[in-house]
Amino acid sequence: MTAPFILFGMFAFLLFIGAPIVVALGASAMTVYLAAGDDFVSMVQIAWNAVDSFPIMALPAFILSGALMQSAGISRRLVHIAEVLAGPMAGGLGFSAILASMFFGAISGSGPATTAAVGMLMIPAMVNRGYSKSYSAALTASSGGLGVVIPPSIPMVIYGVTASESITKLFLAGIFPGILLAGGLMIANYMISRRNGYGAAEAHPPGTLRKACREGIWAIMAPVVILGGIYSGLFTPTEAAVVSVFYTLFVGFFIHKELRWDGFKESLNATTWLTGRVLIVMFAATAFGRILVENDIPTLIASSLLELTGSLSLIWIIVIAFLIFVGMFLETLATIMIVTPVLLPVMVSLGVDPIHFGIILVCCCEIGFSTPPLGENMFIGSSIAKVSIEEISVKALPFVAVEILIVVLLAFVPEISLWLPSILGY
Amino acid sequence: MKSRVIGLLDHAENYLCQLLLSAFVILLFFQVILRVFFNYGIPWSEELARFAFVWFVFLGASYAARVSAHNRVTFHLRKMPEKVRNSIECFADMFWIVFNTLMTIKSIEVIESMMEFTFYSPALDWSMAFLYMIFPISFTLTSIRIIQVNYLKLVKGVKFDDVDEPDLEQLASELKVERTPVYDEPSTISSASKG
Amino acid sequence: EAKTLKLGLGDPLESDQGALASRFKELVEYYSNGDIKVTLYPNGALGGETEMVQNTRLGSLDVASVAIGNITPFSKELGVLTMPYLMKNHSDAVKLTTGELGDRWNKIAQEKVGVNILGWTYSNFRYLTNSKQPVKNLSDVQGLKVRIPQDPIMLATWEAWGANPIPMAWSETFTALQQGVVDGQDNPYIVNNTMKFYEVQDYLTEVHHMYSLQPLLIGNKTFAKMSDEERSILTRAGLEAQQYALMFQVLEAGKARDNLVANGMEVFELEDEEKWIELAREKVWPKFYDSIGGKDNFDKVLEQIN
Ligand code: NA
Ligand code: NA
């Protein structure tokens with residue numbers, strides 16, 4: 001039973017001295033082999049097989065199409081529509097920011113990308129209307145997380161691949177939870193805005209909405225092409241991501257005529273290092289997980305959890321608390337890759353649907369985007385609004401609290417996630 | 001001219017990756033077009049795309065090391081003085097280099113064994129031994145990048161930008177946002193308007 | 001002290017592959033009086049099937065049970081066993097995997113793959129299912145989008161019949177069938193049933209083009225390290241587990257078929273199977289003679305089972 005101690009000890013030590021996550025995972029797995037005098041040749045096989053997979057190819061394609069949508073003027077038009085649509089309502093621009101994150105979430109699979117696009121346009125607008133900078137940043141950082149709950153979603157792709165579950169089904173299961181989370185954020189925004197006197201935006205002259213929609217028609221069509229293509233059976237999620245790349249190139253070069261060669265090259269460049277660093281972790285996390293499985297760790301965790309309590313509700317609370325704790329420190333996709341092989345078998349043995357568990361996992365990661373010390377969305381909000389992470393963290397607390405409540409609700413009522421896929425025959 | 005050559009070498013993985021990325025995205029797109037409109041599938045296209053993808057990922061990991069993009073848990077290190085933090089990370093990077101070296105050696109072993117017992121890819125009928133060459137290449141290149149980055153940080157005092165921090169200038173130009181009046185502190189705006 | 005062998009399999013324990021593996025474990029532990037223990041890792045917990053073949057060969061995994069299609073990339077000569085319309089029934093499958101022929105495949109596996117074959121899971125014929133229309137004739141299959149594994153022989157076979165074969169990862173197959181990305185696929189009764197393909201497929205046709213075989217492998221390196229006695233225990237357990245697997249197949253395939261029908265699938269037989277056979281022989285066999293070790297070799301195999 002020494003293997004798990006070496007594995008976790010080495011992992012914690014390497015993380016602590018600031019080694020990259022890939023090294024903490026890979027080197028600790030390798031140490032287990034070396035300590036037992038075993039050949040670590042299977043790590044080379046894992047390196048190939050963990051990455052040689054058609055479904056994961058959705059990851060670079062979604063990253064690329066998201067980056068291109070920025071340069072192609074699709075993002076800006078979508079956010080503008082949300083702004084015009086919701087600005088004049090009570091709660092005002094905060095409401096618009098959340099709505100914009102939902103719209104943008106339907107084309108982007110990434111939380112930070114959603115925060116960047118929405119925050120860049122909405123934070124200045126909110127600040128101009130008298131919202132505090134830290135509140136504006138906290139709100140966009142929190143709502144930016146909707147980008148990964150509302151499909152398409154890169155974390156769902158990673159979960160689907162790690163758990164061998166249908167990505168299409170996960171995408172469908174995320175729709176209602178995404179809407180629910182957005183609703184929760186809207187209520188919190190309304191209450192806080194009323195107390196602080198953040199008013200509505202000026203009413204737009206009549207016809208503005210129609211004009212915004214007309215100008216943004218190709219942007220509105222983007223989610224229709226991506227999600228419609230997947231659900232109609234025209235293509236798989238990976239293919240949908242690829243099609244959206246070409247759709248964006250077409251719109252960017254020929255319709256909006258905003259995409260430049262530089263922007264295109266920069267998108268390829270960002271896709272390269274993002275994919276490289278995420279999927280090399282996929283390899284290391286698979287090697288790490290393999291050792292856990294060989295040492296029966298998931299069974300061990302399941303039995304000790306069950307010894308502790310027989311109540312599934314209590315186990316859900318423990319799991320959610322654990323996931324939010326991990327999400328404070330660890331990068332989102334790495335969290336999913338490490339946690340899935342350990343917790344999924346445990347939850348399945350307790351009768352939980354793997355799709356349901358995946359949604360809870362992704363929602364907890366969504367919250368992790370706006371919790372310190374590592375909150376990817378907060379970093380972006382912080383640099384756009386030029387306020388410290390600490391200030392944003394404080395202002396993000398009510399949103400985090402609301403989101404945790406909703407995640408607990410989602411855990412206790414699996415139908416919220418599973419109903420839509422089931423009526424559509426999945 | 002000479003600096004261009006060095007620049008080219010410095011971005012070798014990056015250029016190759018852009019090529020591979022474009023290749024597999026185009027290949028998959030053609031596959032969709034052929035299937036949806038012509039009800040036809042090329043038997044080897046998916047496999048070729050996957051192989052390009054695996055090479056893309058491992059070369060991309062090396063490029064990510066060059067731009068110092070690999071995720072670390074750093075909240076406790078950020079509070080330390082720059083020099084201390086850099087030294088601790090350099091110590092951590094030595095484990096990385098050892099890991100890469102062992103992976104390189106082991107993958108060469110695997111390739112040798114695949115030369116002895118050939119393993120052909122199902123659709124393209126390529127020997128997998130050649131495809132596995134990406135491992136010694138990528139793990140060695142990554143080690144070179146780690147040494148390069150640590151040299152730049154510790155000896156040359158170069159500061160690496162956090163790649164996850166958005167490039168606001170670029171973001172603003174892409175989104176066509178007017179920046180100056182909104183982003184500066186209110187005091188700057190007022191002093192600017194006064195002046 | 002007991003020696004522990006790790007046995008990896010791609011399928012769940014309830015599958016036919018799992019039945020063979022479980023039986024093998026029982027027998028090894030019984031015949032060795034508990035001196036050799038076998039731990040089972042089902043559902044690809046130790047990696048995909050190709051990965052397991054590699055690791056068995058390299059010695060980092062002891063025993064693996066995989067489908068024949070995942071070992072042919074390492075040795076094209078074993079591709080003989082995947083030629084269309086090679087076997088007509090269970091009895092042919094048994095003849096092909098025992099006696100002189102069985103030894104022959106084992107020798108090839110040792111030399112070309114670096115593994116020994118301890119036994120075979122008999123996994124029955126891969127029957128065609130689809131959601132479009134009943135397939136009774138060659139004409140019904142024209143242009144039908146059939147999902148196949150990455151396998152050149154299967155690809156050539158479905159092409160020869162005028163279907164539109166689409167190589168696709170197993171993990172994506174169910175969703176692809178559901179969404180209509182592909183119309184159909186082929187797999188044995190037990191697999192069609194455990195995968196619940198009846199939820200997304202309406203028609204099944206008994207096409208006897210391929211009888212699936214799944215070898216149980218132990219690496220040369222691991223095998224060489226064992227004593228003569230241990231080797232004979234493993235060989236005996238493998239052979240007896242193989243016999244058990246055949247019984248399991250015969251019983252369970254019938255039950256699986258009944259369940260498919262109970263869930264609304266219609267089962268058809270081919271009216272013109274001789275045409276399918278003819279096309280396979282004329283268009284497919286000649287293409288692969290070279291890679292599977294020559295026409296003469298193949299003819300001899302045919303002679304031996306007929
Ligand atoms: Na999304
Ligand atoms: Na966090």
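The values are calculated or read from the model by the stated rules, or taken from the named source; none is laboratory data. Quick caveat, the model's predicted, so the values are computed rather than measured. Every residue, glycine as well, gets a Cβ built from its backbone with ideal geometry; the counts of neighbours run over all protein chains shown. Surface areas here come from the heavy atoms of the whole protein model, side chains and all, with no ligands, DNA or RNA. Shrake-Rupley method; radii C 1.70, N 1.55, O 1.52, S 1.80 Å.
Some points to look at:
- Principal-axis tilt of helix A:154-163 within chain A, Cα atoms, nearest 10 degrees: 20
- Stokes-Einstein D in µm²/s, Kirkwood radius over Cα pairs - the protein assembly as shown at 20 °C with 1.002 mPa s viscosity: 73
- Each Cα pair under 8 Å and six or more residues apart adds its separation to the average, and for region A:39-423 the resulting relative contact order is 27 percent.
- The accessible surface of region A:64-185, taken with every protein chain in place and a 1.4 Å probe, is 65 percent carbon and sulfur.
- Where chain B is the region considered: accessible area per residue in Å², 1.4 Å probe: 51
- In the C-B interface, the accessible area buried, summed over both sides, Å² (probe 1.4 Å): 1600
- Using a probe of 1.4 Å, the accessible surface attributed to C:Arg104 totals some 70 Å² when neighbouring protein chains are kept in position.
- Kirkwood Rh, Cα atoms: Rg over Rh of region C:15-81: 1.01
- Cα pair distances of region C:181-297 binned at 5 Å [whole percent]: 2, 8, 13, 13, 13, 14, 15, 11, 7, 4, 1
- For chain A, the longest principal axis of the C-alpha atoms and the axis of helix A:74-86 are separated by about 60°.
- Among beta bridges that DSSP assigns inside the protein assembly as shown, antiparallel share in %, nearest 5: 50
- In region A:227-247, burial by the other protein chains removes 40 Å² or more of 1.4 Å probe accessible surface, compared with the chain on its own, from A:Gly233, A:Leu234, A:Thr236, A:Glu239, A:Val242, A:Phe246.
- Mean partner shielding of peptide A:32-39, defined as the number of other chain Cβ atoms within 10 Å of each residue Cβ, is 2.
- 1.4 Å probe, heavy atoms, protein only - residues of region B:43-68 losing at least 40 Å² accessible area vs chain alone: B:Pro43, B:Glu46, B:Arg50, B:Phe53, B:Val54, B:Phe56, B:Val57, B:Phe58, B:Tyr63
- Gyration tensor (alpha-carbon) shape descriptor, region B:1-115, a/c threshold 1.5: prolate
- Comparing the full protein assembly with the isolated chain (1.4 Å probe, heavy atoms, ligands and nucleic acids excluded), the residues of region C:25-51 losing at least 30 square angstrom of accessible area are C:Tyr41, C:Ala45, C:Leu46, C:Glu51.
- Helical segments meeting 15 Å axial Cα length and Kyte-Doolittle 1.6 threshold in chain B (DSSP H): B:12-38
- Rg over Rh [alpha-carbon atoms, Kirkwood Rh] for region C:184-240: 1.25
- With the convex hull drawn over the C-alpha atoms of chain B, the volume per residue is 224 Å³.
- Between helix A:389-412 and chain A: long-axis angle, C-alpha atoms, 0 to 90°, nearest 10: 70
- Helices in chain C, meaning DSSP H runs of at least 4 residues, each add -39500 (n - 2.57). Divided by all residues, the mean residue ellipticity at 222 nm is -13000 deg cm²/dmol.
- Heavy-atom accessible surface of region A:39-423, averaged per residue, reaches 31 Å², computed with a 1.4 Å probe.
- Orientation-averaged projected area, Cα convex hull of region A:39-423 (nm²): 19.3
- Cut-off 11 Å between beta-carbons: net charge of the residues surrounding A:Ala137, Lys and Arg +1, Asp and Glu -1: +2
- 15 Å beta-carbon shell around A:Glu366, net charge (K/R +1, D/E -1): -3
- Annotation for region C:141-179 versus region A:376-411: alpha-carbon center distance of 48 Å.
- For chain C, with all protein chains in place and a probe radius of 1.4 Å, 49% of the accessible heavy-atom surface sits on carbon or sulfur.
- Centre separation in Å (Cα based) which lies between region A:1-69 and region A:261-299: 8
- Its convex hull of Cα atoms gives chain C a direction-averaged projected area, equal to a quarter of the hull surface, of 14.6 nm².
- Of the trypsin sites (Lys or Arg not before Pro) found in region B:95-163, those that fall in a DSSP loop while having at most 12 other beta-carbon atoms within 10 Å are B:Lys156, B:Lys159.
- Chains B and A together bury roughly 6800 Å² of accessible surface, counting both sides and using a 1.4 Å probe on protein heavy atoms.
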